[in-house]
Amino acid sequence: MLSDDRRTELTPPRLAAGVGVLAAAIGLVVWITSDGGVSLPEADASSPRADVVEQVIVHDATVITRAPPLPSDAGPPRPPGEYGGVLGRDETVAAALQAQGATARHVHQIVTALRDVYDFRDARPGARFTLSLDPDTGVVRRFTFEHDPLQVFEVTPGGDGGLTGRRVDVPVEIVETEVGAEIKSSLYRAMKRAGESPALVALIVDVFAWDIDFFKDTRPGDRFRVVVEKINKDGHFVRYGRVLAAEYTGKVGTFRTFWFQAPGEADGHYFLEDGRSARKTFLATPLKFVRVSSRFDKARRHPVLGYTRAHNGVDYAAPTGTPVRAMADGKITFAGRKGPNGNLVRIDHGGGLQSAYAHLSRISRGMKPGVAVKQKQVIGAVGATGRATGPHLHFGVKQGGRWMDPQRLKMRRADPVAKKHRRAFEATVQRRLARLGALAVVAADAAEPEDDEEGAE
């Protein structure tokens, strides 16, 4: 994974601007030698960092899983000029290439060629790469980087004698699949019992994010049915695509949502069976799986200070690193460290409404005043910075300059299906309703799998 630590140590103090830009772009520590050359130190494998987590993002849905240790060796010996390997934990692309004989010049050329299509700071453990050099001249003949099976990038010689970078079109097969199960203990375990990946749990939570809080609303005996896209590469499942239709039935009620892309439109949205938008002005919660540990209270006894003071928000207990999402569209007004709040993000949603997210372990890259964010966009991660007794998110909402209880927000739905597309929408819903109705549900009396950890939950 490419480090966010961008300190640059220089000896002597003269440094060409181009090398400085490269160091900042790929997280390198660079020394200038006495003869003006560039020296790259070995990666410090002992540097402290938090436990590595991998965020699998599928159509704006995120599942947190532990990233397994991965080797960084290139496997069997390669011919001269051929390099390749897999990024390990705490390993940068530059360090991985250098360990196999590539030079700082090669790294600079590759980063420059791909700078408009890929940011190497987004690389993570498990990413694969290959580098082919001319054995006589040392010129880059080809570089490939597989961020994941569906995101592959390539660098090859260009017509002007330089290098050209591009994203490779990966051929895939999209198959529609039906899944249904009854919940015995958790949505996660029900999904495993149905033979599907926990990543689908995150998608279901995402499409019902405006109506159901799956932490407090899920009960034994609840049932779900979904029609979902599966994306396959070379005949093997890679990840889920869109949920095309979903139904959740339980004590919380019955909810159905349908993906609909109107003819001629560039994108689609989720709608209810009657054509109203599934999307509301605000999310039910800024986290996917959460427990309310402290509610809005004007006279709460503070757990750290020990005296009574107003608690102008809701605290959600969650593990450090859990993604925090913007409750609605808006603009960042503050992102940084702020006293007892620790790492804090504030968003202005217009109409006198503002939201605040405190005690974050980190703030997402690019979050700064004036930046526009979308509803569900990840703005940071749960932590315990500032005055906090443990990892949690403090979520506050101001309306008209006064703090209010976020759980009492009045929400309205976005625009319904346009009248001119109503007939096409109704035909789509009827087809998918028939598929949901015919879908068999895996009963809860089946053997429940034993788990060491529950990943998404």
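The values are calculated or read from the model by the stated rules, or taken from the named source; none is laboratory data. None of these values were measured; they are calculated from a predicted model. Quick reminder, even Gly has a Cβ in these numbers, built from the backbone with ideal geometry, and neighbours come from all protein chains shown.
Quick notes
- Exactly one residue among G161, G180 is crowded, with 16+ Cβ neighbours inside 10 Å and small (G, A, S), and that residue is G180.
- Of everything in region 185-219 that is in contact with a Gly (Cβ under 8 Å, 6 or more places away or on another chain) and either assigned to a strand (DSSP E or B) or in contact (Cβ under 8 Å) with a residue 40 or more places away in the chain (or both), the residue that is farthest from A284 (Cα to Cα) is A194.
- Figure legend. Inter-residue proximity from region 425-442: first residues on the phi > 0 side of the Ramachandran plot and not assigned by TED's automatic domain parsing to the domain that holds R276, second residues part of a helix (DSSP H, G or I) and surrounded by 15 or more Cβ atoms within 10 Å (Cβ to Cβ), beta-carbon distance below 6 Å, spacing 6+ or different chains. No pairs are indicated.
- Selection count where residues are in contact (Cβ under 8 Å) with a residue 24 or more places away in the chain, buried (at least 16 other Cβ atoms within 10 Å of the Cβ) and either in a loop (DSSP other than H, G, I, E, B) or at negative phi (or both), scope region 350-370: 10
- Hey, T249 outside any loop (DSSP other than H, G, I, E, B) and hydroxyl-bearing (S, T, Y) or not: yes
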